[in-house]
Amino acid sequence: MNKMSDAVVATLEAAARLLPSPGYINGDDYDQWYVEATPSLLVALAELARSQDAHELADRLDRLSHPLCMEPLDAVLTTNSMPKRWCFNPVKAAGTPCELHKPERAVDLGRCTWAGSDTERICRSTPNPGDDRCKEHAAFCRAIKTDGAVCNRHNCSVPKHRQAAVSAAH
């Protein structure tokens, strides 16, 4: 077989494994379902594009076949609207942000700097005026404990932590 027919066979085999999946938000109606382009299908499509000398398309399909950052890039993000632009930088593991969108870079991006212990993502809200955190996350304690970890309790009542917060504000 030649390179072209190998690419066609691989593409058809990958396409034969496609199945509909429920949508991200809802899935109770069939029109909210979608057919996911699996990594194997994207790789097969990239090989098919290469066999047709469409190298730019092949490179794009290859990039899409790997985990991507998927951080919203819109300047104003609200809970009522879906972002229109996304980061498509490759990452090592699905669900993780790229180096440009780690919580340590939140200030540079004009986002809330809260970084909870259970998240690797930046808060999508804009900080309150004069603060580096949004309304929701301003109440989380910023005190550094003796073990070096941030307290991060909501409305923390530890006296030393409250003193540190008051003195940091002045």
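Within straight-line reach of Lys84, meaning a Cα separation under 15 Å, sit the following aspartates and glutamates at least 8 residues removed in sequence or on another chain: Glu71, Asp74. Estimated at 0.36 nm per residue, the fully extended path between Ser51 and Asn128 surpasses their Cα-Cα distance by 22.4 nm. If each residue of separation counts as 0.36 nm, what is the full-extension length gain between Val35 and Arg105 once their alpha-carbon separation is subtracted? Length gained, Val35 through Arg105: 21.8 nm.
Residues whose amide H falls under 5 Å from that of Leu68, counting only those 5 or more places apart or on a different chain, are Val91, Gly95, with hydrogens built in the peptide plane.
Computed from the coordinates by the stated procedures, all read-outs in this text should not be read as laboratory data. Computed from a predicted model, the values in this text were never measured in an experiment.
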